[in-house]
Amino acid sequence: MDGRKRRAFVTGLFGTILIFVVLAAVIGVDRVLSALNSAEPTTVALTFLLALCWLAAWSLMLRTVLATLDAEISIPESFFVYTGAVFANNVTPFGQAGGEPVAAALISKVSGTRYETALVSIASVDVLNVVPSISLIFVGVGYYATASAVSDRVETAVGSAIVLIGAIALAMVLVWRYRHVLVERLPSRLAPHIRRIRRGRVETATVEADITNRLQRFFENIERIATNRRNVTVVVALSLAGWLFQAAALMAAFDAVGYSVPLSVLVFVIPLANLAGAAPLPGGLGGIEAAFIALLIPTTGIGAASITAAVLIFRGAIYWMPVVIGGTTVSVLGIRAV
């Protein structure tokens, strides 16, 4: 890890610690620990089981996308590879943006595909996950608004989601529209820099040709996925199942601390809170928890300490369990790019 990456990681880690310190000071550590100690162990175990179902659903998304690109991996392999990808996202700043290069290296090694093919596959999974999340946000908020007044926090979160998703969608449209321009011009800009990284061992023209070929294959793979409507439908359905498993896991976490929360609230709170994963924190750690608490207090009316306890149980299943499983997978396979 070079100095710049190390500084970014340390800064993100410091931000995470600071957020948790503030939460502890505001909510009270004793009250949160009391709620955690009273949690029903069987229901906590159910939370982790439902989180495994979420991982399984989204790992099948990755397997389906790879099959579209003629890269076959088994169901167990897809599960461990996807947990490795989640691990990479969880330990690098900016969530998927920071973890996808590492995840692509892992997928490439296990499936035997080219790196750019692996990068397209994991990026496609992340992009297609947005489609059900947007639907759940609008359906959930709409249903919630019929029974309760929508708070300013929820309105702000929904507005932020629309702006962020709109900006990402616009950027993707522009990149796709001008992909031929990128293929023509980008290699000549990048080749000298890459040649310097390789210490001049390869001619600039060779590097430029290699980048051009990789970019062409990258966009060709995107087109192959986009035009396979059957597989796209299957992937979106698996994504929706994964979101619902997450909502069921959070519902179980609340049940473990003695509260019942409507599914209609959780289905829009989860994707909204996950937007905090775009912050420069390791996997959004700290920011996502704070976002969950900020959204769940006005939408559930439950005390902050109990909400915090439920969120910590949920994040233990959604964040820390994939870190353990995925970190082990990455270590065993020898991927050292993290």
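Quick check on Ala118: is it of a type in the set (A, V, I, L, M, F, W, C), more than 15 Å from the chain's Cα centre (by Cα) and farther than 25 Å from Val234 by Cα?
When the stated conditions are applied, Ala118 does not pass them.
Pick from the range 127-145 the residues that are of a type outside the set (Ser, Thr, Tyr) and open to solvent by less than 40 Å² (accessible area, probe 1.4 Å): which of them is farthest from Val269 (Cα to Cα)?
So the residue we want is Leu128.
Filter the range 38-65 for residues that are within 18 Å of Ser260 (Cα to Cα) and of a type in the set (S, T, N, Q); which is surrounded by the most Cβ atoms within 10 Å (Cβ to Cβ)?
Thr47
Does the range 214-246 hold any residues that are over 20 Å from Arg114 (Cβ atoms) and in contact (Cβ under 8 Å) with a residue 60 or more places away in the chain, and which are they?
Val232, Val234, Val235, Val236, Leu238, Ser239, Leu240, Ala241, Gly242, Trp243, Phe245, Gln246
So is Phe254 out of contact with any Cys (no Cβ under 7 Å at 6 or more places or on another chain) and either of a type outside the set (A, V, I, L, M) or more than 30 Å from Thr47 (Cα to Cα) (or both) or not?
Details: out of contact with any Cys (no Cβ under 7 Å at 6 or more places or on another chain): yes; either of a type outside the set (A, V, I, L, M) or more than 30 Å from Thr47 (Cα to Cα) (or both): yes.
It is true that Phe254 is out of contact with any Cys (no Cβ under 7 Å at 6 or more places or on another chain) and either of a type outside the set (A, V, I, L, M) or more than 30 Å from Thr47 (Cα to Cα) (or both).
Among the helices (runs of 4 or more DSSP H) confined wholly to the range 40-158, which include 3 or more residues that are of a type in the set (Phe, Trp, Tyr)?
Working: elements: 41-68, 75-91, 96-111, 115-147.
Fully inside the range 40-158 and qualifying: 41-68, 75-91, 115-147.
Restricting attention to the range 288-298, which residues are of a type outside the set (A, V, I, L, M) and surrounded by fewer than 24 Cβ atoms within 10 Å (Cβ to Cβ)?
The answer is Glu289, Pro298.
Which of the residues belonging to the range 237-275 are in a helix (DSSP H, G or I) and hydroxyl-bearing (Ser, Thr, Tyr)?
Of all residues in the range 237-275, those in a helix (DSSP H, G or I) come to 237-256, 263-275.
Hits for the range 237-275 are Ser239, Ser264.
Of a type in the set (Ser, Thr, Tyr), over 19 Å from Ser239 (Cα atoms) and open to solvent by 30 Å² or more (accessible area, probe 1.4 Å) - does that describe any residue in the range 100-115?
yes
Inspect all residues belonging to the range 314-328 and state whether any of them is basic (Lys, Arg) and either touching a Cys at 6+ places or on another chain (Cβ under 9 Å) or open to solvent by 20 Å² or more (accessible area, probe 1.4 Å) (or both).
Within the range 314-328, none of the residues are basic (Lys, Arg) and either touching a Cys at 6+ places or on another chain (Cβ under 9 Å) or open to solvent by 20 Å² or more (accessible area, probe 1.4 Å) (or both).
Just one of the numbered conditions (1) open to solvent by 30 Å² or more (accessible area, probe 1.4 Å); (2) aliphatic (A, V, I, L, M); (3) over 20 Å from the mean Cα position of the chain (by Cα) is not true of Ile307; which one?
Checking Ile307 against (1) open to solvent by 30 Å² or more (accessible area, probe 1.4 Å); (2) aliphatic (A, V, I, L, M); (3) over 20 Å from the mean Cα position of the chain (by Cα), the one that fails is (1).
Among all residue pairs at least 6 apart or on different chains, which show Cβ distances below 9 Å where the first residue, located in the range 280-299, is in contact (Cβ under 8 Å) with a residue 12 or more places away in the chain and the second is of a type in the set (Phe, Trp, Tyr) and assigned to a loop (DSSP other than H, G, I, E, B)?
Pro280/Phe94; Leu281/Phe94; Gly284/Phe94
Using beta carbons and a limit of 6 Å, which pairs, at least six apart or on different chains, have the first residue in the range 250-267 and open to solvent by 10 Å² or more (accessible area, probe 1.4 Å) and the second one modelled with pLDDT under 90 and among the aromatic types (Phe, Trp, Tyr)?
Within 6 Å, the pairs are Ser264/Tyr143; Ser264/Tyr144.
Which condition from (1) at pLDDT 95 or above; (2) of a type in the set (Gly, Ala, Ser); (3) surrounded by fewer than 21 Cβ atoms within 10 Å (Cβ to Cβ) is the one that Ala278 breaks?
Here Ala278 meets the rest and fails (1).
The values are calculated or read from the model by the stated rules, or taken from the named source; none is laboratory data. Remember, predicted model here, so these are calculated numbers, not experimental data. Cβ atoms come from the backbone with ideal geometry, glycine included; neighbour counts cover every protein chain shown. Quick note on the areas: whole protein, heavy atoms, side chains included, nothing else; ligands and nucleic acids left out. Shrake-Rupley method; radii C 1.70, N 1.55, O 1.52, S 1.80 Å.
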